[in-house]
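Visitor: My questions all concern the structure below.
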Amino acid sequence: MSKAFLSYVRDDDRLLDYIVALFELNGIPYWRDKNDLNPGLNWREQLRQAITAGSFYIPFFSASWSTRESTMANEELLWAIDELRRRPTDRAWFIPFVLPEGRVPDREIGGGARLTDIQYISVDALGWNAAIARLLRALGVLDPKLDAGEPLAPGFPSSVALSSGWFTCERLEPQLSMLKPYLAVIEGLKFPLVSGRISRGSDGKIIAELVGDAPHSNLANINAAMGLDRVICHTDDAAISSDPQSPTRFRSDRTYTFAAGTQFPAMLGLPPSVAPQQFELRVQFVANGTLEGTVFSGSVEGRYNGMIEAEMFGHFQCEVEPVLDVDPRIG
């Protein structure tokens, strides 16, 4: 079966991972060098043959492609232009797809025409889902299956699972100094992540939901009893940042209400206790983090008001795993 040839620069490898996941979801056969180059054969000749025999040639023009001084993608482009000259002009074969901040090179393709004369698909102009839908339709998919929302970050879908994560409480500063010796035992402890997810809500906002554990059973029990093992936070940022100078800012502000008679297990050197009356605990925190590869990490600052008045400082890290969430209403 003839395959669509995907041409791109190495810097955009993760973006292509996201796109080919959607190709596979929609049953589009594709040719990609990292998967389809056969060992023991001339790799240049394999590339040329895959282009000329391909059902489509799709160059993914990006800012990285434009700024690279040298890239094999430019040679692939020249081969594709040679092939384009031999093909009929009333059938789409060469389909430029322009990634964010990319541009179509202004190259001659013969007969007084230039590459910029070919109608292209632009993510900047259409948004990810509309651009992908248009590409899939151009490849013959009448009813495209797409991700449920815009990507969380370049190369990631609208939802990711969080795994292999932890949070370390580095410092707790209680308002009452007499509590310092009790809270000090928490400092330096690493709280593992049990599960988590970052996704876009129906309004397009990014929401993070996490379930954590504790290194000691009594601490885990008190967190579970108080509901502190589950965290929901959100950000107003349009996407998760990869720039350490401008991290994504997640915020949470939640008040927990405990009824009179609520039982709390022993912890922090204190005996078990029972709440004599209803009380509230307000927990606020801000997490500033950036994405590097598949690792999301950063710092946390928080404040407790109510039963305990204290400020908290720490760091977190977690592994991000893409989860393609298909929405049949899109497309």
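The values are calculated or read from the model by the stated rules, or taken from the named source; none is laboratory data. Bear in mind that the values here come from a model prediction, so they are computed numbers and not experimental data. Because the Cβ atoms are built from the backbone with ideal geometry, glycine has one as well, and the counts that use them run over all protein chains shown.
Visitor: Of all residues being among the hydrophobic types (A, V, I, L, M, F, W, C) and within 19 Å of S164 (Cβ to Cβ) in the range 285-309, which is surrounded by the fewest Cβ atoms within 10 Å (Cβ to Cβ)? Just the residue, please.
Guide: Taking the range 285-309 first, the residues among the hydrophobic types (A, V, I, L, M, F, W, C) are 285-287, 291, 295-296, 300, 307-308.
Then drop every residue that is not within 19 Å of S164 (Cβ to Cβ), which leaves 287, 291, 295-296, 300.
Working: A287: 26, L291: 24, V295: 14, F296: 27, V300: 20.
Result: V295.
Visitor: Which helices (runs of 4 or more DSSP H) does the range 18-71 wholly contain that include 3 or more residues that are free of Cβ contacts under 8 Å to residues at least 60 places away in the same chain and farther than 28 Å from G149 by Cβ? Steps first, please.
Guide: Working: elements: 33-36, 43-53, 63-67.
In the range 18-71, 43-53 are the helices (runs of 4 or more DSSP H) which contain 3 or more residues that are free of Cβ contacts under 8 Å to residues at least 60 places away in the same chain and farther than 28 Å from G149 by Cβ.
Visitor: Also: With the requirement that a residue be assigned to a strand (DSSP E or B) and either free of Cβ contacts under 8 Å to residues at least 24 places away in the same chain or crowded, with 16+ Cβ neighbours inside 10 Å (or both), what does the range 270-283 give you?
Guide: Of the range 270-283, the ones assigned to a strand (DSSP E or B) are 270, 273-274, 279-283.
The answer is S273, V274, L281, V283.
Visitor: Within the range 104-117, take every residue that is in contact (Cβ under 8 Å) with a residue 12 or more places away in the chain and not in a loop (DSSP other than H, G, I, E, B) and give me the one that is surrounded by the most Cβ atoms within 10 Å (Cβ to Cβ).
Guide: L115
Visitor: Is there a residue in the range 84-95 that is crowded, with 16+ Cβ neighbours inside 10 Å, β-branched (V, I, T) and assigned to a strand (DSSP E or B)?
Guide: No; the residues of the range 84-95 include none that is crowded, with 16+ Cβ neighbours inside 10 Å, β-branched (V, I, T) and assigned to a strand (DSSP E or B).
Visitor: May I ask you to say which residue of L139, L162, L146, L135 is touching a residue at least 24 places away in the same chain (Cβ under 8 Å), under 25 Å from T67 (Cα atoms) and in contact with a strand residue (DSSP E or B) (Cβ under 9 Å, 6 or more places away or on another chain)? Write out each step before concluding.
Guide: Numbers: L139 fails: under 25 Å from T67 (Cα atoms); L162 fails: under 25 Å from T67 (Cα atoms); L146 fails: under 25 Å from T67 (Cα atoms).
None of the other options fit; the residue is L135.
Visitor: Among G298, G302, G293, which is touching a Phe, Trp or Tyr at 6+ places or on another chain (Cβ under 6 Å) and modelled with pLDDT of 90 or more? Can you show your working first?
Guide: On the way: G298 fails: touching a Phe, Trp or Tyr at 6+ places or on another chain (Cβ under 6 Å); G293 fails: touching a Phe, Trp or Tyr at 6+ places or on another chain (Cβ under 6 Å).
The match here is G302.
Visitor: Follow-up. So which residues in the range 182-208 are surrounded by fewer than 18 Cβ atoms within 10 Å (Cβ to Cβ), outside any strand (DSSP E or B) and touching a residue at least 40 places away in the same chain (Cβ under 8 Å)?
Guide: So in the range 182-208, the residues surrounded by fewer than 18 Cβ atoms within 10 Å (Cβ to Cβ) come out as 182, 184-185, 187-190, 192, 194-195, 197, 201-205, 207.
Among the residues that remain, those that are also outside any strand (DSSP E or B) are: 182, 184-185, 187-189, 201-205.
Across the range 182-208, the qualifying residues are Y182, V185, G204.
Visitor: Identify all residues within the range 6-15 that are surrounded by 17 or more Cβ atoms within 10 Å (Cβ to Cβ), closer than 21 Å to K145 by Cα and in contact (Cβ under 8 Å) with a residue 60 or more places away in the chain; write none if there are none.
Guide: Scanning the range 6-15 gives a single hit, L15.
Visitor: Only one residue in E76, E101 is of a type outside the set (A, V, I, L, M, F, W, C) and buried (at least 19 other Cβ atoms within 10 Å of the Cβ), so which one is that?
Guide: Values: E101 fails: buried (at least 19 other Cβ atoms within 10 Å of the Cβ).
Checking each option against the conditions leaves just E76.
Visitor: Go through the residues of the range 230-237 one by one and say whether even a single one is under 16 Å from the mean Cα position of the chain (by Cα), assigned to a loop (DSSP other than H, G, I, E, B), in contact (Cβ under 8 Å) with a residue 60 or more places away in the chain and assigned by TED's automatic domain parsing to the domain that holds R197.
Guide: Within the range 230-237, not a single residue is under 16 Å from the mean Cα position of the chain (by Cα), assigned to a loop (DSSP other than H, G, I, E, B), in contact (Cβ under 8 Å) with a residue 60 or more places away in the chain and assigned by TED's automatic domain parsing to the domain that holds R197.
Visitor: Among L126, L162, L152, which is the only one that is under 29 Å from W93 (Cβ atoms) and among the hydrophobic types (A, V, I, L, M, F, W, C)? Spell out the reasoning first.
Guide: Working: L162 fails: under 29 Å from W93 (Cβ atoms); L152 fails: under 29 Å from W93 (Cβ atoms).
None of the other options fit; the residue is L126.
Visitor: Being in contact with a Phe, Trp or Tyr (Cβ under 7 Å, 6 or more places away or on another chain) and under 16 Å from R10 (Cα atoms) is true for just one of L77, L37, L84, L47. Which residue is that? Full working, then the answer.
Guide: Values: L77 fails: in contact with a Phe, Trp or Tyr (Cβ under 7 Å, 6 or more places away or on another chain); L84 fails: under 16 Å from R10 (Cα atoms); L47 fails: in contact with a Phe, Trp or Tyr (Cβ under 7 Å, 6 or more places away or on another chain).
Just a single option satisfies the conditions, and that option is L37.
Yes/no per residue for (1) in the same structural domain as L15 (by TED's automatic domain parsing); (2) among the polar types (S, T, N, Q); (3) at positive phi:
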site: I118; (1), (2), (3): yes, no, no
site: G127; (1), (2), (3): yes, no, yes
site: R137; (1), (2), (3): yes, no, no
site: S163; (1), (2), (3): no, yes, no
site: S177; (1), (2), (3): no, yes, no
site: V185; (1), (2), (3): no, no, no
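Visitor: Related question: Please state which one of A161, A131 is surrounded by 13 or more Cβ atoms within 10 Å (Cβ to Cβ) and within 30 Å of F191 (Cβ to Cβ). Don't jump to the end; show me each part of the working.
Guide: Details: A131 fails: within 30 Å of F191 (Cβ to Cβ).
The conditions single out A161.
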